[in-house]
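The values are calculated or read from the model by the stated rules, or taken from the named source; none is laboratory data. Since this is a predicted model, take the numbers as computed values, not measurements. Cβ atoms come from the backbone with ideal geometry, glycine included; neighbour counts cover every protein chain shown. To get the accessible areas, we keep the full protein, side chains included, count just its heavy atoms, and leave off ligands, DNA and RNA. Shrake-Rupley method; radii C 1.70, N 1.55, O 1.52, S 1.80 Å.
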Amino acid sequence: MPNTAERPAFITVKDHKDNFPNSVKCRLINPTKAEIGKASKRILDQVNTDIRSKTTVNQWRNTQSVLKWFNELPEKKSMSFLVFDIVDFYPSITEELLRKSLTWAKRHSTVRKIDEETIFHARRSVLYDHDGKPWVKQETAKEFDVSMGAYDGAEICELVGLYLLQELETKLDTTSIGLYRDDGLAVMRHCSGSDADRARKKLSDIFKAHGLRITAQANLKSTCFLDTTLDLETGTHKPYRKPNDEPLYIHVNSNHPPSTTKHIPVAIGKRIVELSSNEEVFNKAAPTYNAALKKSGYGNTIAYGRTPVDEGPKKNRKNRKRKITWFNPPFSRNVQTNVASQFLNLVDRHFPRESRLRKIFNRNTIKVSYSCMKNIDAIIKSHNTKIMRENNTATNNSEPPKTCNCRDKSACPLRGECLTNSIVYEATVTSGDQGDQRSYIGLTGGDFKTRYRNHTKSFRHRKYEKETELSKHVWGLKNRGIDYSIRWDIVRQSNTHQRESGSCNLCMEEKFAILRSNDRRINKRTELLSNCRHGNRKRTRPKPK
């Protein structure tokens, strides 16, 4: 059964809303999400794509699609906007509304029974507070919820939005209407104030029939939608920022790869050009962004003429796709060594042109791209989470955790620490009259006692002789009649696979320990290339009874 990580929920305060702080509005973010949501996301992605391609509804996925729709509107001066926002869209989606949406979706896409079961199974949501206590919604007994932060939350909103859009097109008298998740925009031609108000009320009634509430404004000539301002009178659009939202960019001397900081002015310039309908509009918006770039240490400024504009899709070149292996070392300005250059030189040295493996390992199939290290915010959050977890454990457990459960404490393999979790250990095998010593490096994600029992099992039963390199060595000694003794020690304790970074510190520590060990090690060099097993173990494991 899929595993669900228990992560405390938190709220974000919407301090940009009107009448703040007299009327405080917040958003609940629930990071506790079932891994099956990843499968649901892929299913819904395909369903939504099929519906958009087979219907004429305007479901926008980015600002560019909104601007394309706006620019294609004819006779803009005779039109007016009807703007609406679905209040608390995510948590307001009911099981009944989702079923109706899926039933309608089956007309345009293939939705199997197992797909439908997967989608609804991912809706079973539980919320955890900072004390680890679970919470469920009061008004439902089935734990149904579309939570913000779920893997497939946005795709659920898009599916329900498509269902609502087709209904709005048939029941609402508008020239054109579109939706971006919970933000909607429609235009009406030659519409008086009373007609616009009737359309607004009818729109509200349609959403109310599905258990949704909206806020709407009608008969507008100009409106702010997403990150752009649309004006029907002038037919122009310009960048929009929320009040008191000053642009802030990473500093040019920050600990980021040069390729990242070099492209920031270019990316910002391209974005402002896309949001500006002409050069005049661009020149009015540019000073704010140029000042922010200068404050962050950039010498380049954005300008209308020197910023490349997207001229549409490029022609596909018929090049053969190579299977490329990427090496992503973390970038740090404290490291003077050019790691990327050194790595590629090693590839050239060990796989020369006459090598049989040159076709597989060369500069065309192995490429380097630096990754960013954790910023201060991520480091502080990780530290705070660790401290809170330790405090909660200390509060919930009045007694200190056991480190050993051996009946005979003197016979404990780790001398009173056999229940330690997530460690890299060393087994030193001493054999013969001369005291010949060989060392073996291993790891365990669970407690050492369980791993120790598996080792001793492989020493006793010949059918497990080839289970590890250590067991092979021990059976080699036993076959030659040589006595031996084993001493166990903890080399390092670390955490296992992290979902956020995708790395496993425990596996890395084991590889470093093998590299640092002496020539008398039992481990093979091929163990340095072994894959991490802890990520798969965390993603799917049996639910404890």
Residue tally, condition of a type in the set (Lys, Arg), open to solvent by 40 Å² or more (accessible area, probe 1.4 Å) and in contact with a Leu (Cβ under 9 Å, 6 or more places away or on another chain), over the range 38-80: 2
Test set (1) closer than 24 Å to Val491 by Cβ; (2) at pLDDT 90 or above; (3) touching a helix residue (DSSP H, G or I) at 6+ places or on another chain (Cβ under 9 Å) - Thr428 fails condition number: (3)
Where a residue in the range 105-120 is farther than 13 Å from Leu44 by Cβ and surrounded by 11 or more Cβ atoms within 10 Å (Cβ to Cβ) and its partner, wherever it lies, is modelled with pLDDT of 90 or more and charged (D, E, K, R), with Cβ under 7 Å and at least six apart: His108/Asp50; His108/Lys54
Pick from the range 319-359, criterion under 31 Å from the mean Cα position of the chain (by Cα) and β-branched (Val, Ile, Thr), ranking: least open to solvent (accessible area, probe 1.4 Å): Val339
Test: residue in the range 441-453 that is surrounded by fewer than 18 Cβ atoms within 10 Å (Cβ to Cβ), at pLDDT 90 or above and touching a helix residue (DSSP H, G or I) at 6+ places or on another chain (Cβ under 9 Å): no
Selected residue [within 17 Å of Asn71 (Cα to Cα) and of a type outside the set (Lys, Arg)] from Ser194, Ser222: Ser222
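Filter the range 388-405 for residues that are in a helix (DSSP H, G or I) and either open to solvent by less than 100 Å² (accessible area, probe 1.4 Å) or modelled with pLDDT of 75 or more (or both) and give the result.
Of all residues in the range 388-405, those in a helix (DSSP H, G or I) come to 388-396.
Met388, Glu390, Asn391, Asn392, Thr393, Ala394 - these are the residues of the range 388-405 that are in a helix (DSSP H, G or I) and either open to solvent by less than 100 Å² (accessible area, probe 1.4 Å) or modelled with pLDDT of 75 or more (or both).
Among the polar types (S, T, N, Q), at pLDDT 70 or above and over 28 Å from Tyr163 (Cβ atoms): is that true of Ser40 in this structure?
Working: among the polar types (S, T, N, Q): yes; at pLDDT 70 or above: yes; over 28 Å from Tyr163 (Cβ atoms): no.
So Ser40 fails the test.
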Residues located in the range 429-440, provided they are assigned to a strand (DSSP E or B) and open to solvent by 50 Å² or more (accessible area, probe 1.4 Å): Asp436, Gln437, Arg438
Out of Lys463, Lys478, Lys472, sole residue that is in a helix (DSSP H, G or I), within 20 Å of Gly435 (Cβ to Cβ) and open to solvent by 40 Å² or more (accessible area, probe 1.4 Å): Lys478
Top-ranked residue of the range 81-100 - restricted to ones that are under 21 Å from Met148 (Cβ atoms) and either of a type in the set (A, V, I, L, M, F, W, C) or more than 31 Å from the chain's Cα centre (by Cα) (or both), ranked as most open to solvent (accessible area, probe 1.4 Å): Val87
Residues located in the range 225-239, provided they are out of contact with any Leu (no Cβ under 8 Å at 6 or more places or on another chain) and open to solvent by 70 Å² or more (accessible area, probe 1.4 Å): Glu233, Thr234
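With the requirement that a residue be exposed (fewer than 11 other Cβ atoms within 10 Å of the Cβ) and farther than 23 Å from Ser341 by Cα, what does the range 364-385 give you? Break it down into steps so the answer makes sense when it comes.
The first filter runs over the range 364-385 and keeps only residues exposed (fewer than 11 other Cβ atoms within 10 Å of the Cβ), leaving 364, 376-377, 383-384.
Selection gives Ile376, Asp377, His383, Asn384.
What is the residue count in the range 246-258 for residues that are open to solvent by 70 Å² or more (accessible area, probe 1.4 Å) and either farther than 12 Å from Tyr289 by Cα or touching a Phe, Trp or Tyr at 6+ places or on another chain (Cβ under 8 Å) (or both)? Spell out the reasoning first.
Residues of the range 246-258 open to solvent by 70 Å² or more (accessible area, probe 1.4 Å): 246, 248, 251, 253, 258.
The next check asks that each one be either farther than 12 Å from Tyr289 by Cα or touching a Phe, Trp or Tyr at 6+ places or on another chain (Cβ under 8 Å) (or both); those that pass are 251, 253, 258.
Selection size over the range 246-258: 3.
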Those residues of the range 176-208 which are open to solvent by 70 Å² or more (accessible area, probe 1.4 Å), in a loop (DSSP other than H, G, I, E, B) and over 14 Å from Val160 (Cα atoms), in sequence order: His190
